[in-house]
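In what follows, a structure is listed as structure tokens, so that the remarks can point back to it.
The values are calculated or read from the model by the stated rules, or taken from the named source; none is laboratory data. Note that the coordinates shown come from a computational prediction; the quantities given were computed from them, not determined experimentally. Cβ coordinates were reconstructed from backbone atoms using ideal geometry, including for glycine residues, and neighbour counts include every protein chain displayed. Only protein heavy atoms, including side chains, enter the accessible area calculation; ligands, DNA and RNA are left aside. Shrake-Rupley method; radii C 1.70, N 1.55, O 1.52, S 1.80 Å.
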Amino acid sequence: MEGLKLDWRPGVRKIVIAIGDAPPKDPEPVTGYTAQSVAKFAFDIDPVEIYAIDNRSLTSESMQTLVDLSAGQVFRASGGGNVPRLITEAITTALD
């Protein structure tokens with residue numbers, strides 16, 4: 001959600017790449033954010049596409065929902081060494 005709150009320029013392609021090794025909480029216990037509320041916020045911006053780099057078990061049902069609702073994609077790393085390549089792949093996919 002913090003990445004979505006950045007000062008985005010209107011009319012440009014917007015992507016967020018989430019990298020993690022554990023699933024998000026849905027709802028998030030402190031803020032109350034849900035996959036649905038974050039997806040709506042991303043869409044309302046212009047929209048922002050959310051891509052996930054899963055380094056272990058990031059891709060829970062709620063994360064997959066968020067990625068799907070934002071027209072993003074999940075990339076699964078088989079180890080930390082693959083993360084830079086997957087970041088490039090996510091950016092390339094978003095720009096295609």
*Scanning region 7-22 for residues that are touching a strand residue (DSSP E or B) at 6+ places or on another chain (Cβ under 9 Å), open to solvent by 50 Å² or more (accessible area, probe 1.4 Å) and more than 14 Å from Ser70 (Cα to Cα), which turns out modelled with the lowest pLDDT?*
Asp21
_Tabulated pairs, region 27-40, first closer than 10 Å to Ser70 by Cα, second assigned to a helix (DSSP H, G or I) and open to solvent by less than 70 Å² (accessible area, probe 1.4 Å), C-beta under 6 angstrom, 6+ apart or interchain_ = Val38/Leu66; Ala39/Leu66
_Residue tally, condition among the aliphatic types (A, V, I, L, M), closer than 17 Å to Val48 by Cβ and in contact (Cβ under 8 Å) with a residue 40 or more places away in the chain, over region 67-90_ = 2
*How many residues does region 84-96 contain that are hydrophobic (A, V, I, L, M, F, W, C), over 21 Å from Met1 (Cα atoms) and open to solvent by 20 Å² or more (accessible area, probe 1.4 Å)?*
1
*Enumeration of residues in region 17-73 that are over 25 Å from Thr92 (Cα atoms) and among the hydroxyl-bearing types (Ser, Thr, Tyr)*: Thr31, Tyr33, Thr34, Ser37
*Looking at region 78-85, is at least one residue in a loop (DSSP other than H, G, I, E, B) and either at pLDDT 90 or above or over 12 Å from the mean Cα position of the chain (by Cα) (or both)?*
yes
*Have a look at Phe43, Phe75 and point out the one that is in contact with a strand residue (DSSP E or B) (Cβ under 8 Å, 6 or more places away or on another chain) and modelled with pLDDT of 90 or more.*
Phe75
*Is at least one residue of region 55-75 under 14 Å from the mean Cα position of the chain (by Cα), at negative phi and assigned to a strand (DSSP E or B)?*
yes
*Of all residues making up region 35-54, the number that are surrounded by fewer than 18 Cβ atoms within 10 Å (Cβ to Cβ) and part of a helix (DSSP H, G or I)*: 7
*asked:* Among the residues of region 56-68, what is the count of those that are under 20 Å from Leu86 (Cβ atoms) and open to solvent by less than 50 Å² (accessible area, probe 1.4 Å)?
replied: 6
